[in-house]
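Heads up, the thing below is written out as structure tokens.
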Amino acid sequence: MRTRTLPAAWSLTAILALALPAVVHNPYYLQVIVGGYVTAIAVYGLNVILGYAGQLSLGHAAFFGIGAYTVALLETRAGLSFWPALAAGCALSVAIGYLVGAISLRTRGHYFAIFTAAVGVMIGVVFTNDQQLTNGNIGIVNIPPPAPIGPISFESPVAKYYLVLAALAFAIWIVARVRYSLLGRTLLALASNEDLAASVGIDVMRAKRLAFMLATFLAGLAGGMFAIFVGFLGPDSSGLDVSFDMLLYLIVGGAGTIAGPLVGTLGIVVLTQWLQGFEHYKLLVFGPLLIVLVRFFPAGIAGGFARLRWRRTATP
Amino acid sequence: MSLLEVKSLTKRFGGLTAVNDVSFSLEAGAITAIIGPNGAGKSTCFNVISGFYAATSGRLFFEGADITALPLHAVARRGIARTFQTTALFANHSALDNAIAGYRQRTRSGFFDALLRTPRERREEREAREHAYEALRFAGIESSAARIAGSLSQEAQKRLAIAIAIVARPKLVLLDEPVAGVSGDQMAQHGELIARMSQAGFTVCLVEHKMDLVMGLADRIVVLHHGRKIAEGTPAEIRADDAVVEAYLGTAVA
């Protein structure tokens, strides 16, 4: 943010993202990219609680699921339109996040990770087994797209692309604003040294709870977007393995950085698609790649670049 | 007027009584040293006062108000700052950011201020930065403001810890072994820094082993031994106190 290259890089990214549907005409490719954007929104949430506040949540996908199922059920069963359903999905995700956080954030380190993983599994069990509420493994089909706003309709894949892109931009804006604020400094301080943070008067519990609520809000937002962009929702979308995928995207991209979630998520999602033809052999590419990343970019791709820039500017 | 009153403070860890019925008070504006052999309960005493540990029994009064049950961050906001024996810093942040974090308790900007970059957010950020620079200058490490805290020398890290402690202008500063690991000639400079803190209006209480430093700095000394207070007085009185000499050197054999 302090150098000139960064805003330039973001402007370029924005232009590319806006122009993409004009270049990529294959609806399947566009679908893959939109899926990446949706996941990236959730990964931005994970970045707040893990990258900034330093607390490893392994239940992130469950909050994604809460947002998705709330939107899907309110639209298909209660006949609500998308926008109020999305608001309700985010609100419910944050409310459950508040309750889970109020208990689990009292624990530290591994205990918090284990607690959130358990909560994630429990919520996942509800999605899978509560046949009446969620249709279990059959899932929910025919989730209608958002009603048109004035002349803008959200039926076509391209329209949905821009809708999800707007939500992603909103998520990045929130996370960037928080990062470069007194609140962001507070979160980074407590991640760095919780005892010292408390002894300089920071209400550590309150700060962590706020970070967790913001994380679950973004997970809920991403879930709501997911429900309408596919039109189908099943319990696979919100399992523990999805939480680990999100964690992988964040670490590869760079936890605590602003570009990291986008770089990591899109990078891996697109790479996975490219390597689809290799079936299981794609792991032969993934494995060494991860080793190289961890060895040479321990702070992730975006973190690695930030470090290089820092070194360049720091040398006299 | 006494700023902090410690009344019959006791702290037990299971069967071990680390601090046993200790009472003393800290006078506003003075430098008080708590000394004693290893394991005397000095650091435990600090940890209870700062809210790090809950007292088993006894009471703490700060400016007349009971702070015994307050959590750590609430004690800090009342105006009690501390440093740690094993120098605690936000190691992966710049020295300036460390000091800014120390000022957070004086700012009110929250989530929506961050989102909207409200005038309050901008004013408080500027204010935090100014106070942080001032604290670094006071501690004599302004030139290292941009350096990562973990990469500073041990001595500079100790100074930074003091900057973090004083940036929010607390009334009382607790220094836990401020010169541990600092070499000879730098020790005098640290002593000078602590004296300057006192002149600047901070009430200082320190736990320290280096007797020459303590004797030169402290207005009053409290001596702990096996968790009990065995003496209290001016440096001259403490030097002449038989119980203190015995605790440090043992009794004469013949």
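The values are calculated or read from the model by the stated rules, or taken from the named source; none is laboratory data. As the structure is a prediction and not an experimental result, all values here were calculated from the model. Virtual Cβ from ideal backbone geometry, glycine too; neighbours counted across all protein chains shown.
Here is how the numbers come out for the structure above:
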{"item": "Failed condition for A:G267, given (1) farther than 17 Å from A:L168 by Cα; (2) surrounded by fewer than 19 Cβ atoms within 10 Å (Cβ to Cβ); (3) in contact (Cβ under 8 Å) with a residue 12 or more places away in the chain; (4) of a type outside the set (V, I, T)", "result": "(1)"}
{"item": "Scope the stretch B:45-62; condition surrounded by fewer than 18 Cβ atoms within 10 Å (Cβ to Cβ) and free of Cβ contacts under 8 Å to residues at least 40 places away in the same chain; matching residues", "result": "B:A54"}
{"item": "Wholly within the stretch A:152-262, helices (runs of 4 or more DSSP H) carrying at least 2 residues that are facing chain B (nearest Cβ under 10 Å)", "result": "A:157-179, A:182-192, A:194-199, A:204-230"}
{"item": "Qualifying residue in the stretch B:88-105 (condition: of a type in the set (D, E, K, R), at the interface with chain A (Cβ under 7 Å from one of its Cβ atoms) and either farther than 28 Å from B:E192 by Cβ or under 19 Å from the mean Cα position of the chain (by Cα) (or both))", "result": "yes"}
{"item": "Selection within the stretch A:196-234 - over 12 Å from the mean Cα position of the chain (by Cα) and among the aromatic types (F, W, Y)", "result": "A:F212, A:F229, A:F232"}
{"item": "Odd one out for A:W173 among (1) crowded, with 17+ Cβ neighbours inside 10 Å; (2) more than 22 Å from A:S237 (Cα to Cα); (3) not polar (S, T, N, Q)", "result": "(1)"}
{"item": "Any chance B:A65 is facing chain A (nearest Cβ under 8 Å) and either modelled with pLDDT under 95 or more than 30 Å from B:G250 (Cα to Cα) (or both)", "result": "no"}
{"item": "Residue that is nearest to B:A132 (Cα to Cα), among those in the stretch B:107-119 that are of a type outside the set (A, V, I, L, M, F, W, C) and facing chain A (nearest Cβ under 8 Å)", "result": "B:T107"}
{"item": "B:G58 vs. criteria more than 8 Å from chain A (Cβ to nearest Cβ), modelled with pLDDT of 95 or more and over 19 Å from the mean Cα position of the chain (by Cα)", "result": "yes"}
{"item": "Filter pass, A:A53 being under 15 Å from the mean Cα position of the chain (by Cα), farther than 11 Å from A:F217 by Cα and among the aliphatic types (A, V, I, L, M)", "result": "no"}
{"item": "Single residue of B:A101, B:A76 found to be of a type in the set (G, A, S) and in contact with a His (Cβ under 9 Å, 6 or more places away or on another chain)", "result": "B:A101"}
{"item": "Matching residues in the stretch A:140-170 - criterion: being among the small types (G, A, S) and either under 20 Å from A:G67 (Cβ atoms) or surrounded by 15 or more Cβ atoms within 10 Å (Cβ to Cβ) (or both)", "result": "A:A147, A:A159, A:A166, A:A167, A:A169"}
{"item": "Test: residue in the stretch B:70-83 that is more than 16 Å from B:I166 (Cα to Cα), touching a residue at least 60 places away in the same chain (Cβ under 8 Å) and touching a Lys or Arg at 6+ places or on another chain (Cβ under 6 Å)", "result": "no"}
{"item": "Any hit, the stretch B:69-85, residues being more than 14 Å from chain A (Cβ to nearest Cβ), within 28 Å of A:L210 (Cβ to Cβ) and of a type outside the set (F, W, Y)", "result": "yes"}
{"item": "Among the candidates A:Y52, A:Y44, A:Y29, A:Y37, residue that is of a type in the set (S, T, Y) and modelled with pLDDT under 95", "result": "A:Y29"}
{"item": "Residue tally, condition among the basic types (K, R) and in contact with a helix residue (DSSP H, G or I) (Cβ under 7 Å, 6 or more places away or on another chain), over the stretch B:118-134", "result": "2"}
{"item": "Sole exception among (1) within 30 Å of B:A146 (Cβ to Cβ); (2) in contact with a helix residue (DSSP H, G or I) (Cβ under 7 Å, 6 or more places away or on another chain); (3) modelled with pLDDT of 95 or more for B:G79, by number", "result": "(2)"}
{"item": "Which numbered condition B:D176 misses (of (1) among the acidic types (D, E); (2) away from every other protein chain (no Cβ under 14 Å); (3) buried (at least 17 other Cβ atoms within 10 Å of the Cβ))", "result": "(2)"}
{"item": "Matching residues in the stretch B:120-140 - criterion: being at the interface with another protein chain (Cβ under 10 Å from one of its Cβ atoms) and touching a residue at least 60 places away in the same chain (Cβ under 8 Å)", "result": "none"}
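Listed here are the residues, each with its yes/no results for (1) touching a strand residue (DSSP E or B) at 6+ places or on another chain (Cβ under 9 Å); (2) part of a helix (DSSP H, G or I); (3) of a type in the set (S, T, Y).
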| site | (1), (2), (3) |
| --- | --- |
| A:Q55 | no, no, no |
| A:V71 | yes, yes, no |
| A:A78 | no, no, no |
| A:A87 | no, yes, no |
| A:C90 | no, yes, no |
| A:A102 | no, yes, no |
| A:F115 | no, yes, no |
| A:L133 | no, yes, no |
